[in-house]
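Structure first, commentary second.
Values in this text are rule-based calculations from the coordinates and carry no lab data. In this text the structure is predicted, and so the values were computed from the model without any measurement. Reconstructed Cβ throughout: ideal geometry from the backbone, glycine too, with neighbour counts over all protein chains shown.
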Amino acid sequence: MPQTSDHALSARVALTTGASFWHTQPIAGFAPLMLADGPHGIRAQIASSDHLGIAPSQPATCFPPASGLGQSWDPELAKRVGIALGQEAAFFGVSVLLGPGVNIRRDPRGGRNFEYFSEDPIHGSDLASGWVRGVQSQGVGTSLKHFAANNAETDRMRSDSVIDERALREIYLKSFERVVKGAKPWTVMCSYNKVNGTSASQNPWLLQEILRKDWGFDGAVVSDWGAVYNRVESLRAGLDLEMPSGGDRSVQKVVAALEAGSLDISSLDQAVSNLERLATRVNSKSAEPADFEANHLLAREVAARSIVLLKNQNNVLPLRQDARVAVIGAFATAPRIQGGGSSHVVPTRVDIPLDEIRNRSASGDLVSYSEGFSLAGASDSDALLVEQATKAAAAAEVAVLFLGLSASEESEGFDRTSITLPERQIALLRAVSLVQPNTVVFLSHGGTVLLAEVETLAGAILDGALLGQGGGHAVAAVLFGAVNPSGRLSETVPAKLEDAPSYGNFPGEFSQVLYGESIFVGYRGYDLKDIAVTFPFGFGLSYTQFQYGELGLQKVDSGVRVSIEIRNVGDRAGREVVQFYSGKPDSKVRRAVRELKSFVSVQLEPAESKTIEAVISFEDLKHWDILTSSWVLEGGDWEFYAAASSRDVRSTAQINLPRSGLVPLLTMSSTVFEVLEDPIAGPLLMNLLPKPSSDVDAGEVLGIDLAAIMGSFPISSMVLTQQDHTKEFESLIKAANSARAEIR
Ligand code: BGC
C-alpha cells in the first residue's frame, strides 16, 4: 500500500493527466504549463476546448511547414526559425511547443507528409535538431512527435505498424534517436498507432528500453491528444503526461490500481519526477521578446531558401524586370501556405505572389493576371478561364503558372489516394505551353505530386512545397533572381505512384500496415530496383553552376572526415548543398545502394571556391545486426560519395574501416560454412572432415556442387562418418566462442 493519504495520492496522480485541453496542473510549485501546436507557428487558441483548428487561434507567424523548411537543407536556418518560434511561444504563454514532427515520409500519399521533413532520417533529424535547439534556447520546451512509426493517417488510432527491426531502428526510430541524443528535446509525444502490436502510448519497449535506456532521454513523455487508451497501462509503460485531461475518471483508475498493488508506485514517482524536471526547465530561462515584424522577414527568407528549382531550360529564369509576364492560376492571389489540421496557424499577414511580382517588375503594367482555374472546383466557366489565360500567355514574353493542391485535397486526418495534380490544371498547362514556350510553373503542395508531364511541358519549374506567410515574397524574389534558388527535394518525385517502394503496403488493411519494403524507403527503394524517377531525392538546380573537387577521406576518432573543394563556376553568387552518401557494395547485409550520411551547404561568389568538411560518425554507419541484436559497423572497404543529389554523384572515394560491435556466437545451428569461416573452428572442422578415399569426385558423380549443399547444413545435421561427432562439434564451437567473447 502507498504511504500517502488517499487525497495526497489522488493529487499526485492528477499531476500526470492534463488539467484541461492545453494545460497541465501546477507542478513543483510552478504555474500550470500550457502546451500548444506547432510546429510551424504558434496555435494558441482563444477558446480552450478545440483542437481541430475550428476555434480561432491568435495570429502568429506562419513559417514554412516542415515540407517547405525541409527543402532548405539548412539546420542553422531551422534553428533561427526555432528561436523565433520560441519567442512567440513565450509571448503567448506557451511552455511547450508541440513539434517538430520527424516521422518519415514513407509513402507519397501520407496525409501528414507536409508536417514532416523528409524520406530520410539523417536529413530529417538534422533539420529537427536545429529547430529543437532554437526553440529551447528560449526557455520553451519542444515535443518530438509522433513517436513512433506513425506514417499514415488511415485508421490512425488503431492501426498497427508492422515493421522488421532493422527498418524500425535504421529508418523510423533513427530520425527520433538523433534528435533525442543530439538536441535533447524536453518532451516526446507518443503516437496514436500501435507498433508491432502494442500501442505506442503503452509500449514499455519504446518508452523505456529505447527512449530512456538506449538513448538516455531524461524529459517527459506526453501522449498525443487522446492517444491514451488505458491510463494504468500507459503509466506503467512510461507515459508521463496524459493529454488532454483524462479527468477524475482517469485519476481514480490509477489510484485504484496503486491501492490494489497492480501498479507499482515507482511508475507514478517516475512520471511525477519527469514532469517536475520539465516544469523546472521551462521556468529556468525566459525568452527574448517576440518581434512579429522581424519574424515576417525571417519567414520570407526561409521561404526563399526552401524553393527548389527543378528545371530551367534555356535559362527561362531569372526573369528580366522589364519582361512582360502573364501570371496565371488562382494560387497567385490565394496562395496555399500551410496544411490543414492541428498545425493550422492563423498568420499575422500573408504575402500575395501576384502583388509581390508586380512590386518587383519594372512596372506593374507589365504583369497580367488570369485565374486559369477556380479553386472551388470544376465548373462551366473552366473553358473560358483557360481561354483567357492562353490569350494572356500568348501576349506576354513569359507565363508563370501557379499550380498545386488545394487545402481540401490534403490534410491531417486522411491519406491521399492519388498523387496527381488536378487534371484541369494540367489541361491549362498544356494549353498555355502550346502558345508560350517560356512557361514557368510554380508548385504549391504538401505531399509530393507527379511531375512527369509538367516536366515535359514547362520550360522552368519551381517547387515551393508549402512556404508559409512569406512565400509570396519569396517566389517573386526567386523569379526575378534577387534570390538564387538553392533548395533541394527532401522526397523523391516518382514517375508513377506504383513505383513507390511502399506501394501495395499502404495504407494497410484491417488496421494493420505491413512495412514490406523494410529499409528500402524512398530513394533507397528506387535505387535498389534502379527505377527511373522524375526528380531524385536531394535534387535542385541553381542559377549558377558548381564544380566538385576530389573527395578526401580521413579516419578520425569518432568517424570518417569527408572533405571536398567546391567552386562556383557560374556568374552569380549561390549556395550549393553538398550531400555525402555512403555505400558498401560488398556488404554482407542488405543495404541501400547509397545512404545519406551528412550534408553541408556552402555559399560562394562567382569563381570563389571553398573546401568544406564534415565528420560522419561511426554510429551513423552502423546497421542493426539481427544476430546479435546490436549496432554493428561492418569492417572492410567502404565507399563515400560527394553528390549533388542521391543520383548525381560527383566524386567517390574508398576507405577501409575496422569492424566494430558484437560478433555472433556460433551454435550447433550454425552452418558448416559459418563454422569453416571461423579462424579457430574452421581448421578444427577441416581436420574432422573425411579425406577422399579415392580420386572420385562425389560432386561430379552426383552432378551437384556437394560443397554448396553441405555448406548450408547446420553443423548439428552434418553426418561425417558412422560415428557421432557431436562432442567434437561442441568443443570446436566452444573454442571459437571463447575467442569471440573476447572481441565482444
Ligand atoms: C495531433 C498532434 C497535435 C495534437 C494537439 C493531435 O491530433 O496528432 O500532432 O499536436 O493533436 O493538437
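Below, the figures for the structure above:
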{"quantity": "Directionally averaged shadow of the range 226-265, computed from the convex hull of its alpha-carbon atoms, nm²", "calculated": "2.6"}
{"quantity": "For the range 497-554, average projected area of the Cα convex hull in nm²", "calculated": "7.0"}
{"quantity": "Cut-off 13 Å between beta-carbons: net charge of the residues surrounding PHE640, Lys and Arg +1, Asp and Glu -1", "calculated": "0"}
{"quantity": "Binned Cα-Cα distance frequencies in the chain - 10 Å width, integer %", "calculated": "3, 13, 22, 23, 18, 11, 6, 3, 1, 0"}
{"quantity": "The range 540-640: proportion of alpha-carbon pairs further apart than 23 angstrom, %", "calculated": "37"}
{"quantity": "Expected-Rg normalisation [2.2 N^0.38 Å, Cα atoms] applied to the range 387-492", "calculated": "1.10"}
{"quantity": "Bridge type composition, the chain - antiparallel percent by DSSP, nearest 5", "calculated": "60"}
{"quantity": "Dimensionless Rg over Rh [the range 59-163; C-alpha; Kirkwood]", "calculated": "0.99"}
{"quantity": "Volume per residue that the Cα convex hull of the range 194-290 spans, once the total is divided by residue count, Å³", "calculated": "132"}
{"quantity": "Contact order normalised by residue count of the range 231-280, Cα under 8 Å, 6+ apart, percent", "calculated": "51"}
{"quantity": "Potential extension, ALA378-THR280 segment - 0.36 nm per residue separation minus Cα distance", "calculated": "29.8 nm"}
{"quantity": "Neighbourhood net charge (13 Å Cβ-Cβ; Lys/Arg +1, Asp/Glu -1) for THR17", "calculated": "+1"}
{"quantity": "Net lengthening on full extension, GLU728/THR333 (0.36 nm per residue, minus Cα-Cα)", "calculated": "134.0 nm"}
{"quantity": "Largest-first principal axis extents, alpha carbons of the range 459-583, Å", "calculated": "55, 46, 27"}
{"quantity": "Rg and Dmax of the range 523-588, Cα atoms only, in Å", "calculated": "15.4, 46"}
{"quantity": "The chain, helix-only ellipticity at 222 nm - DSSP H runs n ≥ 4, -39,500 (n - 2.57), divided by all residues, nearest 500", "calculated": "-8500 deg cm²/dmol"}
{"quantity": "Evaluated at q = 0.09, 0.12, 0.14, 0.23 Å⁻¹: base-10 log I(q)/I(0), Debye formula over Cα of the range 112-236", "calculated": "-0.22, -0.40, -0.56, -1.56"}
{"quantity": "10 Å binning of all Cα-Cα separations within the range 589-673, expressed as whole percents from 0 upward", "calculated": "12, 38, 27, 14, 6, 2, 0"}
{"quantity": "Distance from the range 274-340 to the range 385-437 (C-alpha centre basis), Å", "calculated": "22"}
{"quantity": "Full-stretch length increase - ASP571, GLU76 - with 0.36 nm per residue and alpha-carbon distance subtracted", "calculated": "175.6 nm"}
{"quantity": "The chain: angle of helix 75-91 to the longest principal axis, Cα-based, in degrees nearest 10", "calculated": "70"}
{"quantity": "14 Å beta-carbon shell around TRP215, net charge (K/R +1, D/E -1)", "calculated": "+2"}
{"quantity": "Charge-dipole axis of the chain as Lys and Arg at +1 and Asp and Glu at -1 on Cβ define it, positive-most pick from PHE21, SER267, ALA89", "calculated": "ALA89"}
{"quantity": "P(r) of the range 283-341 over all Cα-Cα pairs, binned every 10 Å from zero, in whole percent", "calculated": "14, 29, 35, 13, 7, 2"}
{"quantity": "For the range 70-130 and the range 577-610, distance of Cα centres in Å", "calculated": "22"}
{"quantity": "Overall Cα dimensions of the range 311-353, principal axis frame, Å, largest first", "calculated": "42, 21, 17"}
{"quantity": "Nearest-ten-degree value, helix 247-260 long axis tilted from longest Cα axis of the chain", "calculated": "10"}
{"quantity": "Overall Cα dimensions of the range 287-419 - principal axes, largest extent first, Å", "calculated": "52, 38, 26"}
{"quantity": "Cα-derived Rg over Rh, computed across the range 357-433 with Rh taken as Kirkwood radius", "calculated": "1.04"}
{"quantity": "Relative exposure of VAL521, VAL255, judged by other C-beta atoms within 10 Å (fewest first)", "calculated": "VAL255, VAL521"}
{"quantity": "Counting DSSP beta bridges with both ends in the range 391-538, the antiparallel % (nearest 5)", "calculated": "30"}
{"quantity": "D_trans [Stokes-Einstein, Kirkwood Rh over alpha-carbon pairs] for the range 223-341, 10 °C, 1.306 mPa s, µm² s⁻¹", "calculated": "78"}
{"quantity": "Selection of trypsin sites (Lys or Arg not before Pro), the range 525-583, meeting DSSP coil and at most 16 other Cβ within 10 Å", "calculated": "LYS529, ARG572"}
